[in-house]
1. Since ASP246 meets every condition but one in (1) farther than 22 Å from ARG192 by Cβ; (2) out of contact with any Leu (no Cβ under 6 Å at 6 or more places or on another chain); (3) part of a helix (DSSP H, G or I), which condition does it not meet?
2. Being out of contact with any helix residue (DSSP H, G or I) (no Cβ under 8 Å at 6 or more places or on another chain) and either over 23 Å from MET274 (Cα atoms) or polar (S, T, N, Q) (or both) is the filter here, so list the residues in segment 207-244 that pass it.
3. With the condition being in contact (Cβ under 8 Å) with a residue 24 or more places away in the chain, I'd like the helices (runs of 4 or more DSSP H) fully within segment 132-222 carrying at least 3 qualifying residues.
4. Answer yes or no as to whether ALA201 is of a type outside the set (Phe, Trp, Tyr) and in contact with a Ser or Thr (Cβ under 7 Å, 6 or more places away or on another chain).
5. Considering segment 21-54 alone, what residues qualify as being in contact with a helix residue (DSSP H, G or I) (Cβ under 8 Å, 6 or more places away or on another chain) and among the charged types (D, E, K, R)?
6. Limited to segment 69-90, what total is found for residues that are within 27 Å of VAL147 (Cβ to Cβ) and open to solvent by 30 Å² or more (accessible area, probe 1.4 Å)?
7. Can you tell me which residues in segment 221-239 are out of contact with any Phe, Trp or Tyr (no Cβ under 8 Å at 6 or more places or on another chain) and farther than 14 Å from ALA253 by Cβ?
8. Are any of the residues in segment 126-143 open to solvent by 40 Å² or more (accessible area, probe 1.4 Å) and hydroxyl-bearing (Ser, Thr, Tyr)?
Amino acid sequence: MPTPPYSSPPCSSPPYSSWMRYFSPTANHRRLGLVCLGVGVQQGLLPVVGPRALDHHVAVVVTRGRGWFSHAGRAPQPVTAPALLWLVPGVEHHYGPDPETGWDECFVDFAGRSVEAYTDLGYVTPEHPLVPLSGTEGVRHVVDGIVRAARRGGPLLEVEAAAAVHGLLVALRYARAEVSRHGDAVMDALARDALLPISVAEHAARLGIPLPELRGAVRRSTGEGVKEYLLGIRLSRAKELLARTDLPVAGIARRVGYEDPAYFSRLFSRRVGMAPVRFRRQQSMPRPQGR
């Protein structure tokens, strides 16, 4: 076990403040796919945590100060706020603040089968357990909501907290320091041109970046490939046109970037689960008479 660079000094009274609540969701709550198991907010010269391993995930967000973090028995890494520590099931972790400066943190414990999907999409990164953040305002807003719900209590607490965990994972994704203005510009431009009937390579050329760079930017931002990302935008627009217009399916296919209406219909059916004409019948609103 590596020796941590700092250890907590002995003292007669805790030089920190700590508030936390833990939840016990039922089997029905766990069917939601994601449950909140606990939430906490702490400030000051906090004690060292671990070494230990848990059976669930925890997002620890350091909002002020500095310290260290060891993951899977590796040498401690320096931590400087704002930063995110991922604690993942079955993997030993060990961390603590600088005993001179301390740090402020909030944490949320969570579990559920949806975590696997969030990991595949790149929202949870077990392979990168220490994540620099650009800020924590959005994250604190979500955590404060869970804290308010926990203080209030009541029969809706577990569902309300579970819903907030989804919001937390999104807020943490937005807060990553690696999401640059350049990356956002690429994604904005790609979304703007998504309906053009051009290939992924042609999109890269229009953006003036190499194809591997475009693929990497989309993967980092969405957890998906470029084709899947473009398909999602195209199908969303096609659904709007099917529900709100009388355009034929072939015309809609062309408007969303497909010259071959049969190919478009196959893509639509595979992703949506029904053919475009059936979707139109389900979603179309009756038009007023005389118009």
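The values are calculated or read from the model by the stated rules, or taken from the named source; none is laboratory data. Computed from a prediction, not measured in an experiment: that's the story for all the values here. Neighbour counts run over all protein chains shown; Cβ positions are idealised from the backbone, glycine included. Keep in mind that these areas ignore ligands, DNA and RNA; they rest on the heavy atoms of the full protein, side chains included. Shrake-Rupley method; radii C 1.70, N 1.55, O 1.52, S 1.80 Å.
1. The number of the failed condition is (3).
2. Correct list: GLY208, PRO212, GLY216, ARG219, SER236.
3. Ranges flagged: 137-152, 157-175, 181-192, 211-222.
4. Against the criterion (of a type outside the set (Phe, Trp, Tyr) and in contact with a Ser or Thr (Cβ under 7 Å, 6 or more places away or on another chain)), ALA201 does not qualify.
5. Within segment 21-54, ARG21 is the sole residue that qualifies.
6. Looking only at that region, the number is 3.
7. SER221, GLU224, GLY225, VAL226, LYS227, GLU228, TYR229, LEU230, GLY232, ILE233, SER236, listed by residue number.
8. Yes, because at least one residue in segment 126-143 is open to solvent by 40 Å² or more (accessible area, probe 1.4 Å) and hydroxyl-bearing (Ser, Thr, Tyr).
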